[in-house]
Amino acid sequence: GALAVEFKRSFGGYGQWRSDVRELASVRGIGWIALVRSAITGRLHNVWIDLHQVAVPAMTDILLLIDLWEHAWLLDYAPKDRGRFVSDVIEQLNWAVIEARLGDGA
């Protein structure tokens with residue numbers, strides 16, 4: 001659908017998007033990974049957000065957030081397995097909801 005088209009246009013495809021998310025998951029620290037759409041270009045970007053009140057990119061619509069604060073994953077995954085947690089979350093995403101956000105202008 002439209003989300004697949006945007007992944008292709010913005011990242012080169014779904015696999016490249018997923019690789020980019022995994023790379024962001026390797027960043028040290030706490031925060032969120034956000035899939036956002038630029039209100040200016042319409043392109044999708046993955047961004048790291050440390051503190052939600054100071055780091056949400058301006059002029060973007062948030063389509064997806066992955067929580068990487070320890071409370072979200074540390075009880076179920078070892079500290080070295082944050083990347084596996086992210087992969088597991090991606091496998092459980094409801095793509096229809098995310099694609100609807102793309103069409104709604106989030």
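Some notes on this structure:
- When the P(r) is computed for the range 1-98, the part past 15 Å accounts for 62% of the Cα-Cα pairs.
- FRET efficiency for the pair TYR77 and VAL54, taken as 1/(1 + (r/R0)^6) with r the Cβ-Cβ distance and R0 = 35 Å, rounds to 0.80.
- Crossing angle, helix 14-25 versus the chain [Cα axis fit, 0-90 degrees, rounded to tens]: 40
- Whole-Hz Karplus values for the range 60-65 come out as 10, 9, 7, 9, 7, 10 Hz, taken residue by residue from phi with 6.51 cos²θ - 1.76 cosθ + 1.60 and θ = phi - 60°; glycine and proline positions read x.
- When the charge dipole of the chain is built from unit charges on Cβ atoms (+1 for Lys and Arg, -1 for Asp and Glu) and taken about the Cα centre, the candidate among SER26, VAL54, VAL5 whose Cα reaches farthest toward its positive end is VAL5.
- Surface accessible to a 1.4 Å probe, per residue, for the residues of the chain, Å²: 58
- Just the protein heavy atoms count here, and of the accessible area of the chain at 1.4 Å, carbon and sulfur take up 56 percent.
- With R₀ fixed at 25 Å, the C-beta to C-beta distance from ASP67 to ALA4 puts the FRET efficiency at about 0.50.
- Ordered from highest to lowest accessible area with the whole protein assembly present and a 1.4 Å probe, SER19, SER10 read as SER19, SER10.
- Its DSSP H runs of at least 4 residues, each contributing -39,500 (n - 2.57), put the calculated 222 nm mean residue ellipticity of the chain at -12500 deg cm²/dmol, to the nearest 500.
- Extending 7 Å from the Cα toward the beta-carbon at both THR41 and GLN92 defines two label points whose distance is 3.2 nm.
- Heavy-atom accessible area with a 1.4 Å probe sorts HIS45, HIS52, largest first, into HIS52, HIS45.
The values are calculated or read from the model by the stated rules, or taken from the named source; none is laboratory data. Remember, predicted model here, so these are calculated numbers, not experimental data. Don't worry about glycine lacking a Cβ; one is built from the backbone with ideal geometry, like all the others, and counts go over all protein chains shown. When the accessible area is computed, the model is the full protein with side chains, heavy atoms only, and any ligands, DNA or RNA have been set aside. Shrake-Rupley method; radii C 1.70, N 1.55, O 1.52, S 1.80 Å.
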